[in-house]
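Comments concern the structure below.
The values are calculated or read from the model by the stated rules, or taken from the named source; none is laboratory data. In this text, all values refer to a predicted model and were calculated from it rather than measured experimentally. Cβ: placed from backbone, ideal geometry, glycine included. Neighbour counts: every protein chain shown. For the accessible areas, the whole protein counts, side chains as well, though only heavy atoms, and no ligand, DNA or RNA atoms are used. Shrake-Rupley method; radii C 1.70, N 1.55, O 1.52, S 1.80 Å.
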Amino acid sequence: DVAAFDAIHIDYWTPNSTSLKFTIISAGQEKLYTLPITTGIWNSVDIPLSYFSNVALASVFQFKVEGNG
C-alpha cells in the first residue's frame, strides 16, 4: 500500500544502459515511467505517485525495473 505517499524516490547508476523503465504493478494494472539516464554517475529521481493514477496504489504488490544495459 503506497497510497499514503506523495512520491517514490529512486537512486540508480548504470555504466551503459540507454533505456531504463520503472513500473508500478497492482492487480491487473501497471504503468511505466521512463527514467532519465546519465551513464557513469548516480542519478536520482522523485516520481510523483499521481503519475500512476491508473494504478490502484493501495494494492501495489510489485515494482519492476527494465534496462537495456
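This table checks each residue for (1) in contact (Cβ under 8 Å) with a residue 24 or more places away in the chain; (2) in a loop (DSSP other than H, G, I, E, B); (3) open to solvent by less than 90 Å² (accessible area, probe 1.4 Å).
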residue: VAL2; (1), (2), (3): yes, yes, yes
residue: GLY40; (1), (2), (3): yes, yes, yes
residue: ILE47; (1), (2), (3): yes, no, yes
residue: VAL55; (1), (2), (3): yes, yes, yes
residue: ALA58; (1), (2), (3): yes, no, yes
residue: PHE61; (1), (2), (3): yes, no, no
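Please state which one of THR39, THR14 is in contact with a Gly (Cβ under 6 Å, 6 or more places away or on another chain) and either hydroxyl-bearing (Ser, Thr, Tyr) or at pLDDT below 95 (or both). Break it down into steps so the answer makes sense when it comes.
Values: THR39 fails: in contact with a Gly (Cβ under 6 Å, 6 or more places away or on another chain).
Checking each option against the conditions leaves just THR14.
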Of all residues in the stretch 6-35 being part of a loop (DSSP other than H, G, I, E, B) and open to solvent by 70 Å² or more (accessible area, probe 1.4 Å), which is nearest to SER53 (Cα to Cα)?
ASP6
